[in-house]
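The values are calculated or read from the model by the stated rules, or taken from the named source; none is laboratory data. Here the structure is a predicted model, which is why all the values come from computation and not from measurement. Note: ideal-geometry Cβ built from the backbone for every residue, glycine included; neighbour counts use all protein chains shown. Keep in mind that these areas ignore ligands, DNA and RNA; they rest on the heavy atoms of the full protein, side chains included. Shrake-Rupley method; radii C 1.70, N 1.55, O 1.52, S 1.80 Å.
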Amino acid sequence: MTKQLFAVMATGLALMAATPALAQQGGSTVTAATTQGPILSFSVSEEVRSRPDQASVGAGVTTTAPTAVEAMRLNAAAMDKLIAAAKARGIKAEDIQTSGISLSPQYDYNNQGNGQPPRFLGYQVSNTVRATTSKIDDIGPLLDALVAAGGTNIDGPSFAMKDPDAQLAGARGAAIKAAEAKAADYARLAGFRGAELVSLSEGGSFGPNPPMPMVRMQAMDAAGKATPVEPGRVSNTLTLNFQYRLVR
């Protein structure tokens, strides 16, 4: 499940070892700037795609009332039911986190064309929590339980790896082997005996699946089928930057 992504640079076979020079095209460089031998620089990337072992979903409730106090009170009662539903599905308290609360006045602007000021409607409160679980197969039933408990604003699911660095354990070895082969190939083509590693640095990015946009949902029929959720694969890309010295 690895995919090598080489940023390749063709340097030309005639390297001017005696005169400082720089040959460059693409992502690799060969520099004849030292008396020990020219320096070859390039990067090797390995992409690993794995089934996620962690997922999170957001669920919230929006309430409206004539006063801010009443809107907050109604929202708190609704959120208590939502959080209880998440816990009933096995979500631990430490894996439930409030991600946003907003309170704002609401107005009707439809009569402004007649020169009238907007009509005050009341206050609206939105509250959202995010639940994280390692039970990937339970995401669909969890979403259904949150909606059945009154959740109307659903965000996610978002899939990830608990330990993305561990996912790259095999990728590092593959990247180093690929770099050794590439450096040896450059040395052979350029008429050198071999290549010595001068420096090595790591970069990379972990790419969890982006969360689905927040949508408003209606409670499903109690006898209906659970919401289907497919976790797919999440990707993690490792990039190693190498410098080799070509030796006679």
Response to the item:
Filter segment 62-97 for residues that are assigned to a helix (DSSP H, G or I) and in contact (Cβ under 8 Å) with a residue 60 or more places away in the chain; the one that is farthest from Lys162 (Cα to Cα) is Ala78
Worksheet item: Is segment 64-79 home to any residue that is of a type in the set (Ser, Thr, Tyr), open to solvent by 10 Å² or more (accessible area, probe 1.4 Å) and within 19 Å of Pro141 (Cα to Cα)?
Response: no
Worksheet item: Across segment 40-57, which residue is farthest from the chain's Cα centre (by Cα) among those that are of a type outside the set (Asp, Glu) and open to solvent by less than 10 Å² (accessible area, probe 1.4 Å)?
Response: Leu40
Item to complete: Could you tell me which numbered condition Gly156 fails, if it satisfies all but one of (1) in contact with a helix residue (DSSP H, G or I) (Cβ under 9 Å, 6 or more places away or on another chain); (2) at pLDDT 90 or above?
Response: (2)
Practice prompt. Identify the residue in segment 163-173 that is part of a helix (DSSP H, G or I) and open to solvent by 30 Å² or more (accessible area, probe 1.4 Å) and, among all such residues, is nearest to Ser201 (Cα to Cα).
Written response: Arg172
Discussion item. I'd like to verify a number: residues in segment 134-159 that are open to solvent by 20 Å² or more (accessible area, probe 1.4 Å) and assigned to a strand (DSSP E or B), how many?
Written reply: 2
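Would you tally the residues in segment 176-193 being assigned to a helix (DSSP H, G or I) and buried (at least 19 other Cβ atoms within 10 Å of the Cβ)?
Summing the residues that are assigned to a helix (DSSP H, G or I) and buried (at least 19 other Cβ atoms within 10 Å of the Cβ) in segment 176-193 gives 5.
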Practice prompt. Might you let me know whether segment 103-116 holds any residue that is hydroxyl-bearing (Ser, Thr, Tyr), assigned to a strand (DSSP E or B), open to solvent by 30 Å² or more (accessible area, probe 1.4 Å) and without any contact (Cβ under 8 Å) to a residue 60 or more places away in the chain?
Written response: yes
Worksheet item: For Gln24, all conditions in the list (1) at pLDDT 95 or above; (2) open to solvent by 40 Å² or more (accessible area, probe 1.4 Å) hold save one; what is the number of the exception?
Response: (1)
